[in-house]
Amino acid sequence: MSDSTYTIPKHFHLPSLESEIVSIWKNENTFEQSVSNRKGRPSFVFYEGPPSANGMPGIHHVISRTLKDMVCRYKTMQGFEVNRKAGWDTHGLPIELGVEKELGITKEDIGTKISIEEYNKKCREAVGRFKDKWDEITQKMGYWVDLDHPYVTYENDYIETLWWCLKELHKKNYLYKSVSIQPYSPAAGTGLSSHEINQPGCYRDVKDTSATVLFALVEASQAQLLQNIDRSEAIDKVYFMAWTTTPWTLPSNLGLTVGPNINYALVKTINPYTHQLQYVVLAELLLSKYFKPEAEDGDFESYTADSKVIPYKVLGLYKGSELEGLQYEQLFTFEANTLEKIKETTPNANPFRVVSGDFVTTEDGTGIVHTAPAFGADDYKVGQKNNLGIVTLIDREGKFIVGSGGYSGRYVKNYKDEKDYQDVNVDIAIALKKRGQAFKVEKYEHSYPHCWRTDKPIIYYPLDAWFVRTTAVKDRMVALNKTINWKPKATGEGRFGNWLENMVDWNLSRSRFWGTPLPMWRTEDGSEEICCGSIAEIKEHLHEESPERELKDVHKPYIDQVILKSPSGKKMYREPDLIDVWFDSGAMPYAQWHFPFSDKRYEALAKGDNASENLKSILPPAFPADFIAEGVDQTRGWFYTLHALSVLLFDSVAYKTVVANGFVLDKFGNKMSKRLGNVVDPFETINKYGADATRWYLITNASPWDSLKFDIKGIEESQRQLFNTLYNTYTFFALYANVDHFSFKEQYIPIQKRPELDRWVISTLHTLIQNVQTYMDDYEPTKAGRAIDLFVDECLSNWYVRLCRRRFWKGEYEFDKISAYQTLYECLETLSKLIAPFSPFFSDWLYRNLNACSNREHKKSVHLCDFPLVIIDDIDTKLEERMQLAQDTCSLLLSLRKKSNIKVRQPLQKAIIPLIDPTMEAKIESVQEIIKGEVNIKEIEFIAADNNLIQKKIKANFKTLGSRMGAKMKAVAQAIAQLGSNEILELERNECLLVNIEGEEIEIGLNDVEITSDDIPVYWLPLREA
RNA sequence: UGGCUCGUAGCUCAGUUGGUUAGAGCGCUACACUGAUAAUGUAGAGGUCCCCAGUUCAAAUCUGGGCGGGCCAACCA
């Protein structure tokens, strides 16, 4: 380049500057070069969490991408090879729901009104709908990621790796089929995901019939319970009280759960419906819910059916753990729920017992939980643990099955909108009342989930599902998590750590259409199963009659048409489930490279007897990641699945550092939502203020992990404060440099030979480099950015440039001037590199402008440069301190002028500075020229410390005295504050003083006090002639 | 309902192991500067450190309990 002048644009407009830079990058392949010119250097592994392109990018995407981009650019400048492969998340419920909404269909229509083939085609189209917008924001915000070779989760290769992972899990016995209790909509005939349940409006307050039910103990258990009860009367029967809001689950009851540490009371009372004497057990703390305090030990004799108050008497107390194992009589006995029937599904089931569970509370109910393992997750868990068995008297349409006595065929809720629907729950309650086995029946209002499509209440229902046995490696997951560098730390220890502690097996199954199919085939009788880890393996096992043989697309419906042949020759059909989309993204470290199939050694190693042993020698490339970053909402999503899979498969972490950034809220601190209309359009923001200003604001305003109250004014501010100031500084430099033809051609002036001000700003600059590097290495970009802000504003612009202006326009082009040019040039050039990771556009613009003229470095772009190195020798902390003193002194003198109303323009003869400490004179003297110039004063005079111009003040040093004085501290502080100037002088001279506190002599050392002078240690004298 | 997190000036944020006048920037007001001028300087106003209780000679800081915002998980008898 032959330019001998620095470009000075007429206007400073960040957005148009940025679009210029974008096209330069494109022409010069700057991004590719920034990676390829680090080839062979140690790599810094980064994983891009795949966004879904079926929605528009929002401002919250800009923050996490800024963070990712910044770290990657920084590491690149530090000399690492940083590959950044983009990715697209393409499966999942939101995509299906979007398509269904668009087509105006529901899940039931799939396979009838629209073929699965057609439906999945629509989904495939939908996932890329906003890809253009995503590419645009990626480019506009300056996010460097390889968009040309992304990983796409729906591609056959990608899915094949997922299958490989699943097969590995299967081999290790980490994959199993079981039932799980899931939200289920009988009206829609489908299971629902928690995502669907949590859609707004799904939880609704409804009134249900609730019943407090009495379970009669069997004789032996009753005897056991009563053995230590001293009683004068014969107790006929003892009942356990349990409360339910879903009486339809009572015929499926198999257990009663008590809290092991809850106290229970055996109570003599009267049944409010039958008015008969009754003996019941419930939590002691909940007695008041059923009985009035005044009824305690009430008069049983005079009770009549009209009595308002039911008397009760506590006969005995038990700990929950003492009740465990007691047996009771089944509440409803039908053909379908006999013990024999139960044993058909659970051969050694032992139901109708009291068991204990930690989830039991005394918040409501009776402290005894009616447990029907089929209809509640907790119930199921406790049932499994205690071998209660499982009874499901309700079919998938939500009605009682045949064999449920009089209830057979009746719907548990009005699912069919029957006009004369008779609530079966009420009937059950009435039946129990008649039997004397209901203690309280009432309407109870609570919030209950509803199906978002049919508006009908859901139930919890046992459905078949495939699980990953994550609990088998829980300890390793916990241990390895402790080696991960979490930013912020608390998320790793708290939110994520707790999540790991309470982990349950990962339910993989989804009964949907558009997703990764489970590669599991079974014979119809379930006796043989095979998990295929590759397309080739499927083809190996094809049954002759399989209608699908090519498998060009591994999705439904084709995969379901694949019939395999079992070792014994039977037909095997695929398990119909799809897998959780989180598996897709969690396996991204391997699937993005089509591991292990992409490894040339794989095919050879996979053959032979030692296959699995051999394969241990290949590890996925670029694994684990050095760094990932996403929103905190991913803690239980991507962060978890990445971690789980890498531990399960490779006993390794998947990432060494993870930054969990917070959320972007609107300026009032409310969450952004389309409904509230407070979403920020990132395109608008970037087009108006520029990506760099936006990025700078997002990073410096709040730590990435704190939630950010997004206010557009903040972007304006960072544009003004940082970019405008830098721009002004640059144009100032360019203006004079062009006049003087400075292009850094003169010999480099060693820093030590430059004037003090130059040495100072270079010293400060290197201190800044040091701080920025420390902060960046610690993933504290906010602190780094703020340090840069401070330097540009306080040091460079408002001190160095301000004081040096004359050096640029006055005098000959020689030593002092050249030194100034070189110094300012170096500051600008270094700054362009320091801010390059944060604001890639402006920094490159600045760097290119400088370098185009000087040709100082053979780099086309700042992003191809190395990060500035700290030169320790250039740092002179003493000088920095001195300069600080000069700045403070100037401030002081200027404010003095202000107070006396003497303008800076009017020169003054002398300033008198009393010396507070002995080193001050030398320090100020070295910077006195600066001070004199700044405040327009001819000379500075010092007067000795023990002058009488200043009034000294003395204050107690609470730190040293506090622990020694204890309660007397207050009095001591007061006494010290009242010391006169003579006493202060004495203390200073003798370094100790005796003070009388409440009649006691206390010795006080120099360390025990802080001696200060009045605020104004500077006086001025007018110019003699003035 | 639980876990985590945040709460300091009008706004955005600092605030060390507890130490006595709680800071900065922006904004606001007044004045000054006018050879960086869509800049700059000086000064001023502005605080229940979310609330309550406790520990301590001393609490924005530590402990407990609340309240409010946010995220996640649940909503279960």
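The values are calculated or read from the model by the stated rules, or taken from the named source; none is laboratory data. Remember, predicted model here, so these are calculated numbers, not experimental data. Because the Cβ atoms are built from the backbone with ideal geometry, glycine has one as well, and the counts that use them run over all protein chains shown.
Being part of a strand (DSSP E or B), within 28 Å of A:TYR411 (Cβ to Cβ) and in contact with a strand residue (DSSP E or B) (Cβ under 9 Å, 6 or more places away or on another chain) is a property that A:VAL354 lacks.
Being within 13 Å of RNA strand B (Cβ to nearest atom) and either free of Cβ contacts under 8 Å to residues at least 40 places away in the same chain or over 41 Å from the mean Cα position of the chain (by Cα) (or both) holds for only one residue in A:SER854, A:SER895, and it is A:SER895.
Of the numbered conditions (1) at pLDDT 75 or above; (2) surrounded by fewer than 17 Cβ atoms within 10 Å (Cβ to Cβ), A:ILE902 fails exactly one; give the number of that condition. (1) is the only condition that A:ILE902 fails.
No other residue among A:LEU388, A:LEU393 is in contact with a Pro (Cβ under 7 Å, 6 or more places away or on another chain), under 21 Å from A:ALA438 (Cβ atoms) and crowded, with 24+ Cβ neighbours inside 10 Å apart from A:LEU393.
For the stretch A:808-837, give me the residue count where each residue is among the hydrophobic types (A, V, I, L, M, F, W, C) and away from RNA strand B (no atom under 16 Å from the Cβ). Talk me through it step by step, then tell me what you get.
Keep residues of the stretch A:808-837 that are among the hydrophobic types (A, V, I, L, M, F, W, C), which gives A:808-809, A:815, A:818, A:820, A:824, A:827-828, A:831, A:834-836.
Still in the list and also away from RNA strand B (no atom under 16 Å from the Cβ): A:815, A:818, A:834-836.
Adding up the residues that qualify gives 5.
Per the conditions (1) in a loop (DSSP other than H, G, I, E, B); (2) surrounded by fewer than 19 Cβ atoms within 10 Å (Cβ to Cβ), the sole criterion not satisfied by A:GLU48 is (2).
In the stretch A:739-756, the residues that are at negative phi form Cβ pairs under 6 Å with partners that are of a type in the set (Val, Ile, Thr) and assigned to a helix (DSSP H, G or I), at six or more places apart or across chains, as follows: A:GLU746/A:ILE818; A:ILE751/A:ILE762. Among the residues of the stretch A:15-45, those identified as touching a Phe, Trp or Tyr at 6+ places or on another chain (Cβ under 6 Å) and part of a helix (DSSP H, G or I) are A:LEU17, A:GLU18, A:ILE21, A:PHE31.
Give me a count of the residues in the stretch A:382-423 that are among the basic types (Lys, Arg) and within 25 Å of A:ARG353 (Cα to Cα). Working first, answer last.
Applying the first criterion (among the basic types (Lys, Arg)) to the stretch A:382-423 yields A:385, A:396, A:399, A:410, A:413, A:416, A:419.
Pick out the ones that are also within 25 Å of A:ARG353 (Cα to Cα) and you get A:385.
Residues flagged as among the basic types (Lys, Arg) and within 25 Å of A:ARG353 (Cα to Cα) within the stretch A:382-423 amount to 1.
Of all residue pairs spaced 6 or more apart or on separate chains, those with beta-carbon atoms under 9 Å, a first member in the stretch A:560-589 that is in contact (Cβ under 8 Å) with a residue 12 or more places away in the chain and over 30 Å from A:TYR151 (Cα atoms) and a second member that is among the acidic types (Asp, Glu) and assigned to a strand (DSSP E or B) are A:SER566/A:GLU529; A:MET572/A:GLU529. Here A:PHE375 meets the list (1) buried (at least 22 other Cβ atoms within 10 Å of the Cβ); (2) closer than 30 Å to A:PRO311 by Cβ almost entirely, failing just condition (2).
Here A:TYR748 fulfils each of the conditions (1) hydroxyl-bearing (Ser, Thr, Tyr); (2) surrounded by fewer than 18 Cβ atoms within 10 Å (Cβ to Cβ); (3) away from RNA strand B (no atom under 16 Å from the Cβ); (4) part of a helix (DSSP H, G or I) apart from (4).
Beta carbons closer than 6 Å, at least 6 apart along the sequence or on distinct chains, pair a first residue in the stretch A:707-729 that is within 12 Å of A:ALA693 (Cα to Cα) with a second that is near RNA strand B (Cβ under 9 Å from one of its atoms) for A:GLY714/A:TYR697; A:GLY714/A:ASN701; A:ILE715/A:TYR697; A:SER718/A:TYR697; A:LEU722/A:ASP789. May I ask you to verify whether A:PHE334 is without any contact (Cβ under 8 Å) to a residue 40 or more places away in the chain, more than 16 Å from RNA strand B (Cβ to nearest atom) and aromatic (Phe, Trp, Tyr)? So A:PHE334 fails the test. Being away from RNA strand B (no atom under 15 Å from the Cβ) and at pLDDT 90 or above: is that true of A:LYS616 here? The answer is no for A:LYS616. Among all residues of the stretch A:685-698, there is none that is near RNA strand B (Cβ under 10 Å from one of its atoms) and acidic (Asp, Glu). Remark: pairs (first residue in the stretch A:972-983, modelled with pLDDT of 75 or more; second residue of a type in the set (S, T, N, Q) and not in a helix (DSSP H, G or I); Cβ separation under 8 Å; 6+ apart in sequence or on different chains) = A:ALA975/A:ASN996.
In this structure, does A:ASP778 turn out to be more than 9 Å from RNA strand B (Cβ to nearest atom) and within 28 Å of A:LYS878 (Cα to Cα)? For A:ASP778, the condition - more than 9 Å from RNA strand B (Cβ to nearest atom) and within 28 Å of A:LYS878 (Cα to Cα) - is met. Among residues of the stretch A:269-280 being of a type in the set (S, T, N, Q) and part of a loop (DSSP other than H, G, I, E, B), the one that is nearest to RNA strand B (Cβ to nearest atom) is A:ASN271.
Here's the yes/no breakdown for (1) at pLDDT 75 or above; (2) within 29 Å of A:CYS890 (Cα to Cα); (3) of a type in the set (Val, Ile, Thr):
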position: A:ASN948; (1), (2), (3): no, yes, no
position: A:SER963; (1), (2), (3): yes, no, no
position: A:GLU1001; (1), (2), (3): yes, no, no
position: A:VAL1009; (1), (2), (3): yes, yes, yes
position: A:SER1013; (1), (2), (3): no, yes, no
position: A:ILE1016; (1), (2), (3): no, yes, yes
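Filtering the stretch A:468-499 to residues that are within 15 Å of RNA strand B (Cβ to nearest atom) and free of Cβ contacts under 8 Å to residues at least 60 places away in the same chain leaves A:VAL478, A:LYS489, A:ALA490, A:GLU493, A:GLY494, A:GLY497, A:ASN498.
Scoring A:GLN330 on the criteria (1) under 26 Å from A:ILE430 (Cβ atoms); (2) modelled with pLDDT of 90 or more; (3) in contact with a Ser or Thr (Cβ under 6 Å, 6 or more places away or on another chain) leaves a single failure, condition (3). Number of residues in the stretch A:210-268 that are buried (at least 19 other Cβ atoms within 10 Å of the Cβ), under 46 Å from the mean Cα position of the chain (by Cα) and either free of Cβ contacts under 8 Å to residues at least 60 places away in the same chain or part of a helix (DSSP H, G or I) (or both) equals 7. Scanning the stretch A:413-463 for residues that are assigned to a helix (DSSP H, G or I), surrounded by fewer than 18 Cβ atoms within 10 Å (Cβ to Cβ) and either within 16 Å of RNA strand B (Cβ to nearest atom) or at pLDDT below 80 (or both) yields a single hit, A:VAL426.
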